[in-house]
Amino acid sequence: MQSSNAGQARRQRFDRIVAVFHPDMYRYAAWLCRDKVIAEEVVQESMLRAWKSLDALREDAAARSWLLTIVRRENARYFERNRLETVDIDNLTAAQSALLATQPDDDLGDMRAAIYALDDDYREPLVLQVLMGYSTNEIAEQMGIQQGAVLTRLHRARAKLREKMQTGKAE
Amino acid sequence: MSAGDTTMNCDEYRQLVGADPNFDGGAGHRNECAACQAYRDEMRALDARIRQALLLEVPEFVPPALQGVAIENVVSLPARRRVTTPAWFALAASVALAAFVGLRFAGNAELSANELASEVLAHVTHEPDALRVTDVAVTDQHLGEVVPATIARMDHSAGLITFAETCPINGNDIPHLVIQGSSGPVTILLLPQEKVSGVIELDDGHRHGLILPVGNGSVAIIGTKDEQLEQIQQQVLKSVQWST
């Protein structure tokens with residue numbers, strides 16, 4: 001009985017955590033892999049892995065960064081397994097196009113395409129900072145690089161987006 | 001840089017604001033430079049648009065099917081379980097602990113002490129699976145594969161190593177081990193190629209540890225914030241003897 005209660009409590013804890021952070025997990029995965037279908041797969045795999053190792057999460061306060069770390073690793077595993085090649089933005093699959101498609105607002109669509117076209121090294125820290133609210137120190141930890149490198153990448157990412165959006169306006 | 005810093009030039013200020021439009025420093029420069037003030041406003045406006053663009057529509061949450069998914073070997077530890085003495089891994093022994101702190105790193109791969117410390121700490125967080133609280137040890141065979149005799153001499157008779165994998169640190173494949181400490185999992189990275197000239201202290205706010213000089217290499221030990229590492233540290237220093 002005790003074991004069953006413990007199992008139930010564990011499941012409830014897991015459900016609560018992943019339900020709250022599912023949007024962050026999905027968006028992070030989607031911007032890492034730039035493909036909606038793969039992102040959903042990565043998130044599902046991440047949830048399974050999180051379930052298996054839930055007891056390693058000592059405090060729920062750390063759940064978000066813990067889950068995002070798992071997503072990052074699962075994304076890398078996915079690409080290692082499938083050995084996918086980098087995709088040219090002019091040659092997208094339907095799922096990739098879907099990531100960019102949608103809104104009637106041209107400016108939003110242009111910005112989305114510009115972010116999509118950024119190199120992984122620039123896009124990821126930008127997502128972590130702007131969307132996830134990570135500090136540059138936390139981004140450095142998550143990505144395993146120096147804080148100075150994070151600052152440089154963020155600065156360059158914004159410079160590229162600024163330039164692209166200005167060029168777009170001029171055209 | 002302090003908020004009132006007037007020594008900053010335009011390039012420096014824009015680098016910092018470009019990296020973080022919410023950067024609040026450099027007020028001295030900003031107040032005197034209308035162009036940089038405008039640049040900051042532009043960056044903030046750009047960030048609002050970036051954020052909007054990043055907010056992709058999220059598909060409906062589908063809870064994963066967990067029935068039959070093993071959570072094998074994962075148990076909760078009592079709050080303050082102690083590690084029994086030399087149980088976890090034992091080697092023949094031989095290195096004295098350098099008792100000085102924060103000395104320069106003397107490695108052969110151009111990493112400073114800070115860089116090595118950062119890489120070590122970053123690696124710990126990259127392996128969330130490793131930090132499971134569990135009472136199931138890895139097999140002797142697996143441990144032998146991860147720590148081959150060519151790296152270190154090791155006695156497999158002992159204890160509670162619950163994770164062992166080969167991982168890259170500074171371009172070298174090294175053994176990454178985890179033992180169960182009194183407050184949770186403790187990471188041990190054997191770094192035979194990273195020579196340090198003294199103890200390097202590690203602290204990222206969530207966990208703390210040390211990189212200890214051991215022969216011509218070093219060993220990193222990282223535990224949770226409240227983990228007492230002294231006993232583990234002594235065991236490590238008694239235990240590691242590089243083969244290289």
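Results, tabulated for the structure shown:
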quantity: Residue, nearest to the other protein chains (Cβ to nearest Cβ), within the stretch A:139-159, restricted to residues that are out of contact with any helix residue (DSSP H, G or I) (no Cβ under 7 Å at 6 or more places or on another chain) and open to solvent by 40 Å² or more (accessible area, probe 1.4 Å); calculated: A:152
quantity: Residue check, residue A:106 under 13 Å from the mean Cα position of the chain (by Cα), more than 10 Å from every other protein chain (Cβ to nearest Cβ) and either on the phi > 0 side of the Ramachandran plot or surrounded by fewer than 21 Cβ atoms within 10 Å (Cβ to Cβ) (or both); calculated: no
quantity: Filter result for residue A:53 (buried (at least 17 other Cβ atoms within 10 Å of the Cβ), at pLDDT 80 or above, in contact with an Asp or Glu (Cβ under 6 Å, 6 or more places away or on another chain) and at the interface with chain B (Cβ under 7 Å from one of its Cβ atoms)); calculated: yes
quantity: Close pairs from the stretch A:1-20: first in the same structural domain as residue A:55 (by TED's automatic domain parsing), partner open to solvent by 60 Å² or more (accessible area, probe 1.4 Å) and modelled with pLDDT under 85, Cβ under 7 Å, at least 6 apart; calculated: A:15/B:63
quantity: Residue in the stretch A:10-20 that is facing chain B (nearest Cβ under 8 Å), within 13 Å of the chain's Cα centre (by Cα) and either at positive phi or of a type outside the set (Asp, Glu) (or both) present; calculated: no
quantity: Number of positions in the stretch A:13-30 that are open to solvent by less than 40 Å² (accessible area, probe 1.4 Å) and farther than 12 Å from residue A:43 by Cα; calculated: 2
quantity: Residue A:46 being assigned by TED's automatic domain parsing to the domain that holds residue A:14 and out of contact with any Pro (no Cβ under 8 Å at 6 or more places or on another chain); calculated: yes
quantity: Test: residue B:149 is aliphatic (A, V, I, L, M), surrounded by fewer than 18 Cβ atoms within 10 Å (Cβ to Cβ) and modelled with pLDDT under 85; calculated: yes
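Per-residue answers, yes or no, for (1) more than 8 Å from chain A (Cβ to nearest Cβ); (2) at pLDDT 80 or above; (3) part of a helix (DSSP H, G or I):
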{"position": "B:48", "(1), (2), (3)": "yes, yes, yes"}
{"position": "B:51", "(1), (2), (3)": "no, yes, yes"}
{"position": "B:59", "(1), (2), (3)": "no, yes, no"}
{"position": "B:73", "(1), (2), (3)": "yes, no, no"}
{"position": "B:135", "(1), (2), (3)": "yes, no, no"}
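The values are calculated or read from the model by the stated rules, or taken from the named source; none is laboratory data. These numbers come from a predicted model, not from an experiment. Please note: Cβ atoms are built from the backbone with ideal geometry, for glycine as well, and neighbour counts cover all protein chains shown. Quick note on the areas: whole protein, heavy atoms, side chains included, nothing else; ligands and nucleic acids left out. Shrake-Rupley method; radii C 1.70, N 1.55, O 1.52, S 1.80 Å.
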